[in-house]
1. Would you mind calculating the gained length between residue 25 and residue 191 on full extension (0.36 nm times residue separation, minus the Cα-Cα distance), in nm to one decimal?
2. Around residue 97, with a cut-off of 14 angstrom between Cβ atoms, what is the net charge of the other residues, counting Lys and Arg +1 and Asp and Glu -1?
3. Rounded to the nearest 10 degrees, what's the angle between the helix 190-207 long axis and the longest principal axis of the chain, both from Cα atoms, 0 to 90?
4. Helix 159-168: angle to the longest alpha-carbon principal axis of the chain, degrees 0 to 90, nearest 10?
5. What is the local net charge at residue 152, summed over the other residues whose Cβ is closer than 15 Å to its Cβ (Lys, Arg +1; Asp, Glu -1)?
6. Tell me, what is the FRET efficiency for residue 184 and residue 213 to the nearest 0.05, using R0 = 22 angstrom and their Cβ-Cβ distance as r?
7. In degrees from 0 to 90, rounded to the nearest 10, what is the angle of the helix 97-109 Cα long axis to the longest principal axis of the chain?
8. Hey, what's the Kirkwood Rh for region 22-106 if you take every pair of different alpha carbons, in angstrom?
Amino acid sequence: YFQENVELAGLTEDGEKPSYFFSGYDCDSLALESLSGFVERFVPFFAARPRAVLELRTKSVAIRSLLAMPPSPNIVVAFSFTPAEAGAAMEHGAPDVAQRVNAAAELAAAGWPVGLRLDPLLWYEGWRAGYATLIDGLAEAIPANAIHSASLGPLRFPSETFQRIHGLYPEDALLSGPLERRDDHVSYSAAREAELVGFVKERLGRAFDNIALFSFTANAA
């Protein structure tokens, strides 16, 4: 079914604009590879169609399948990162940040385009030092020419979703932070959001020359 629809979209024809496909927003693209075979099946499919760009969003270090394949310039392995102390406190069950940095560096060394996804940005005591250390570590481990792009955006929830989650986990530090309702979302204040985004954007630009950088606001989510 998927192959038929990609063919109908004209991705096998010559054209100027690529089509983008994003995997990993509702589940991790790599974490269940040993069960799903997703990478083994879909990466060769997209590699044969250079007008179709596939992003694999992940926090996993299950990169064995990718390392067994030739890299493809239209397939981006995009790792989600938070500062180490925030990850240890909130990303229960995920590989720690140092492991993710090492996995991204290994893929970059093998020729795969790597994406840096600092989303959501988190406001906590010591966040400036945390993000500075994270970005400096990424720059030390991954050559700038291996970075496909970076994206960042502050923490945000649709209001109804936030109410449901907060009702289940009222003591969660992430949900009890300095959040406020803004239109139909719950997020940091506009001032905190601007401070977070501005600081991290400046540090990324300093660490990686000419990086393709995308940022999002809560109201645009």
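1. Values: separation 166, 0.36 × 166 = 59.76 nm, distance 2.71 nm.
Extra length available between residue 25 and residue 191 comes to 57.1 nm.
2. On the way: positive: 59, 100, 117; negative: 85, 91, 96, 136, 140.
Its environment carries a net charge of -2.
3. Its long axis makes an angle of about 50 degrees.
4. Taking Cα atoms only, the helix is inclined about 70 degrees.
5. Numbers: positive: 57, 117, 128, 156, 192, 201, 203, 206; negative: 119, 193, 195, 202.
Result for the neighbourhood of residue 152: +4.
6. Numbers: r = 27 Å, r/R0 = 1.21.
Efficiency, from the Cβ-Cβ distance: 0.25.
7. 30 degrees
8. Details: mean 1/r = 0.0746 Å⁻¹.
Answer for region 22-106: a Kirkwood hydrodynamic radius of 13.4 Å.
The values are calculated or read from the model by the stated rules, or taken from the named source; none is laboratory data. Since we're looking at a predicted model, the values are computed, not measured. Counting neighbours? That spans all protein chains shown, and the Cβs are built from the backbone with ideal geometry, glycine included. Surface areas here come from the heavy atoms of the whole protein model, side chains and all, with no ligands, DNA or RNA. Shrake-Rupley method; radii C 1.70, N 1.55, O 1.52, S 1.80 Å.
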